[in-house]
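The values are calculated or read from the model by the stated rules, or taken from the named source; none is laboratory data. What you are looking at is a predicted structure, and each value in this text was computed from that prediction instead of being measured. Using ideal geometry, Cβ is built from the backbone for each residue, glycine included, and neighbour counts are taken over all protein chains shown. Ligands, DNA and RNA are excluded from the accessible area calculation, which covers all protein heavy atoms including side chains. Shrake-Rupley method; radii C 1.70, N 1.55, O 1.52, S 1.80 Å.
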Amino acid sequence: QVQLVESGGGLVQPGGSLRLSCVASGIRTRVFAMRWHRQTPGKQRELVAAIGTIGDTVYLDSVKGRFNICRDDAKSAVYLQMNSLKPEDTAVYYCNARQTSTSYWGQGMQVTVSS
């Protein structure tokens, strides 16, 4: 059984930082592209950051220079370091592991940026 378990979300003030973690079980993450998505009510889920199997990264324009994605396949984990957080970063964040036509999702966790 495949599971992606996210942690690290919560409430933070504008300008603050959070580090999201996602640990996978039941798969070998080194053969998967690992991604973080987010979703707010009434909007489509959007890709925030992705890291390929060779470490290539992609970021949503609005988070470039503030967020950093990295992976540790020895721990079956992917991380998202979020700095200089803004209220518009408030969303439910989801971890995703993708390989061709196979995709696994975490349960999602709330990140709220508010004073």
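Observations, loosely collected:
- When +1 charges are put on Lys and Arg Cβ atoms and -1 charges on Asp and Glu Cβ atoms, the dipole computed for the chain relative to its Cα centre reaches about 100 debye.
- Surface composition of the chain: carbon and sulfur atoms hold 47% of the protein heavy-atom accessible area at a 1.4 Å probe.
- When cysteine pairs in the chain are screened for C-beta atoms closer than 4.7 angstrom, the residues that find no partner are C70.
- Comparing Cα centroids, region 1-47 and region 50-115 end up 5 angstrom apart.
- Under 5 Å from the amide H of G108 lie the amide H atoms of E6, C95, each residue being 5 or more positions distant or on a separate chain, with H modelled from the backbone and absent for Pro and chain starts.
- Calculated accessible area for the chain comes out at 53 Å² per residue, all protein chains present (probe 1.4 Å; ligands, DNA, RNA ignored).
- Extension gain from Q3 to I54, taking 0.36 nm per residue of separation minus the Cα-Cα distance: 16.1 nm
- Environment charge of S17, counting only residues whose C-beta is closer than 15 Å and scoring Lys/Arg +1, Asp/Glu -1: +2
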